[in-house]
Amino acid sequence: MARPRTKTKVVCQNKDCEHYRKEIGKDITKQGKNLAKHQRYKCWYCNTYFTDTKGTPLFNLKTSERKIKAICKGFMEGNGIRSIERTVNVHRDTVCSILDKLGSHALELTNYLVHDLNLSTYEVDELFATIQKKRKGLSQKKMTSLAQARKSLQHV
């Protein structure tokens with residue numbers, strides 16, 4: 001008797017697949033890890049392989065996630081690129097490319113929320129502030145604000 005497939009939260013990343021980003025009816029299995037030690041998946045409908053970092057700023061990077069987090073923390077603390085290079089022990093070109101990828105990804109996300117979903121900059125700011133906080137610690141006023149933001153996202 002064959003072992004049943006495990007349920008994964010990953011969805012197909014192939015735009016040509018009929019189950020592209022659909023949670024229901026997907027058939028995706030784990031298929032080992034790539035050279036950067038990221039989990040690989042296979043969609044059995046379109047027979048394509050993808051990693052768990054596709055569509056994120058970490059896609060196609062060989063730097064470990066721990067070092068990327070250290071680069072982000074150093075940059076947010078106001079350290080310079082050479083300072084981050086010395087503390088994290090990576091080349092300054094790597095630091096610059098990671099910061100460039102993170103910045104362009106943040107810009108794309110903000111443009112999508114403001115232009116494509118027609119949210120105001122105030123609503124986007126509230127959304128990001130709410131996401132950062134723990135859900136159980138929110139007041140009733142902020143919970144209703146989050147519910148209104150969700151409704152506006154669903155109607156678009």
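Derivation of every value follows stated rules applied to the coordinates shown; laboratory data play no part. These figures come from a predicted structure and were not determined experimentally. Every residue, glycine as well, gets a Cβ built from its backbone with ideal geometry; the counts of neighbours run over all protein chains shown.
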Filtered hits (aspartates and glutamates, Cα-Cα < 13 Å from residue 33, offset >= 8 within chain) -> 52
Label points 7 Å out from Cα along the Cβ direction at residue 66 and residue 83: separation in nm? 2.3
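Can you give the FRET efficiency for residue 16 and residue 76, using 1/(1 + (r/R0)^6), R0 = 35 Å, r = Cβ-Cβ distance, to the nearest 0.05? Intermediate results must be reported in sequence, preceding the final value.
Working: r = 38 Å, r/R0 = 1.09.
For residue 16 and residue 76, the calculated efficiency is 0.35.
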Flagged links, alpha-carbon separation over 20 Å, of 22/62; 9/30; 30/67; 42/69; 7/30; 42/67: 22/62; 30/67; 42/69; 42/67
Would you calculate the separation in nanometres between label points at residue 100 and residue 31, each defined as 7 Å from the Cα along the Cα-to-beta-carbon direction? 3.1
